[in-house]
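This report refers to the structure that appears directly beneath it.
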Amino acid sequence: EITLTTAISGGNVTLDGGAPITARGICWSTSQNPNISGNHTVDGSGMGSYVSYLNGLSQNTLYYVRAYATNIAGTAYGNELTFITLALPSVTTDNVSNILDSTAISGGNVLSDGGNPVTARGVCWSTSQNPTITENHTIDGSGLGIFISYLTGLSPQTNYYIRAYATSSLGTAYGNQVVFTTIDLPTITTTTVTDIALVTAKSGGNVTSDGGASVTARGVCWNTSPNPTILNSHTIDGNGTGQFISFLT
């Protein structure tokens with residue numbers, strides 16, 4: 001019953017050497033010939049078979065294990081066995097790109113499945129550190145290799161933490177954490193219309209904030225219906241933040 005961090009072994013005390021067995025169990029180490037000065041269990045006393053539960057192991061690690069039995073004369077050890085704990089997948093997180101006010105693109109690379117097939121992979125994100133799949137996450141296929149993840153439903157001008165993940169039958173592993181900040185739409189006010197003539201007028205505006213990304217175009221738009229947009233008549237009056245003048249013709 002070897003898992004990521006646990007295993008079961010035990011032993012059989014076949015002879016007490018002429019004195020009562022006061023302690024018995026299993027000792028283990030990442031080096032050969034483990035003894036009771038290191039990690040070990042205490043599983044009762046006396047002769048006979050017993051079961052030992054090894055805990056606190058490291059995943060994907062080779063361990064050496066020996067049974068032991070102690071009487072007044074000292075401690076005897078059984079034959080040495082080896083085993084390797086299981087492993088979660090190994091995954092890395094891609095840098096975040098195409099960052100907008102509510103979307104972004106990331107992804108990852110599943111480097112190893114740890115010996116068990118990767119059934120789901122993607123990225124998870126949160127406004128708190130170390131996000132998990134219990135929070136916002138994508139599902140981007142399965143198996144090993146590179147994948148792309150599209151993050152949606154983000155809030156503007158918000159700091160997000162993101163990690164890639166890969167899930168197997170043993171659990172979920174996470175990649176390195178990446179931090180990014182979403183941008184926002186620019187903030188702008190419209191200048192009062194002046195110099196109104198038969199077929200011309202003058203207005204403009206003031207771009208007070210670029211929202212975290214360069215303003216590539218600015219101007220005014222107009223229509224004979226409320227709430228005109230750049231799909232209607234409009235000017236293009238430079239770029240960047242600050243005040244500008246627009247001539248409607």
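The values are calculated or read from the model by the stated rules, or taken from the named source; none is laboratory data. The model shown is predicted, which means the values in this text are computed figures rather than measured ones. Cβ: placed from backbone, ideal geometry, glycine included. Neighbour counts: every protein chain shown. The protein model used for the area step is the full one, side chains on, heavy atoms only, and it has no ligands, DNA or RNA in it. Shrake-Rupley method; radii C 1.70, N 1.55, O 1.52, S 1.80 Å.
Taken across segment 205-217, residues that are more than 28 Å from residue 107 (Cα to Cα), touching a residue at least 40 places away in the same chain (Cβ under 8 Å) and not aromatic (Phe, Trp, Tyr) do occur, with at least one present.
Using the structure shown, decide if residue 108 is touching a Gly at 6+ places or on another chain (Cβ under 6 Å), more than 19 Å from residue 5 (Cα to Cα) and at pLDDT 95 or above. So residue 108 passes the test. As a summary of the residue check, residue 53 satisfies the conditions (1) open to solvent by 60 Å² or more (accessible area, probe 1.4 Å); (2) in contact with a Leu (Cβ under 8 Å, 6 or more places away or on another chain) except for the one numbered (2).
When the residues of segment 178-192 are narrowed to those that are open to solvent by less than 70 Å² (accessible area, probe 1.4 Å) and aliphatic (A, V, I, L, M), which ends up farthest from residue 211 (Cα to Cα)? Per the criteria, the residue is 178.
One residue alone among 35, 60 is in a loop (DSSP other than H, G, I, E, B) and farther than 16 Å from residue 80 by Cα, and that residue is 60. Of the listed requirements (1) among the hydrophobic types (A, V, I, L, M, F, W, C); (2) within 15 Å of residue 127 (Cα to Cα); (3) under 21 Å from the mean Cα position of the chain (by Cα), residue 146 misses just one: (2).
Please specify each residue of segment 126-138 satisfying the condition of being crowded, with 16+ Cβ neighbours inside 10 Å and outside any strand (DSSP E or B). Result: 131, 133, 138. Here is a check on your reading of the model: is residue 116 at pLDDT below 95 and of a type outside the set (Gly, Ala, Ser)? For residue 116, the condition - at pLDDT below 95 and of a type outside the set (Gly, Ala, Ser) - is met.
Only one entry of 19, 87 meets the criterion of being assigned to a loop (DSSP other than H, G, I, E, B), surrounded by fewer than 16 Cβ atoms within 10 Å (Cβ to Cβ) and either in contact with a strand residue (DSSP E or B) (Cβ under 6 Å, 6 or more places away or on another chain) or among the small types (Gly, Ala, Ser) (or both), and that entry is 19. Taken together, 102, 45 contain a single residue that is in contact with a Leu (Cβ under 8 Å, 6 or more places away or on another chain) and either assigned to a loop (DSSP other than H, G, I, E, B) or open to solvent by less than 60 Å² (accessible area, probe 1.4 Å) (or both), which is 102.
The set of residues from segment 141-170 being in a strand (DSSP E or B), among the small types (Gly, Ala, Ser) and surrounded by 15 or more Cβ atoms within 10 Å (Cβ to Cβ) comprises 149, 164, 166, 168.
The residues listed here are 75, 5; of these, the one that is open to solvent by 40 Å² or more (accessible area, probe 1.4 Å) and not in a strand (DSSP E or B) is 5.
Which residue out of 123, 118 is open to solvent by less than 70 Å² (accessible area, probe 1.4 Å), of a type in the set (Val, Ile, Thr) and in contact with a His (Cβ under 7 Å, 6 or more places away or on another chain)? It is 123.
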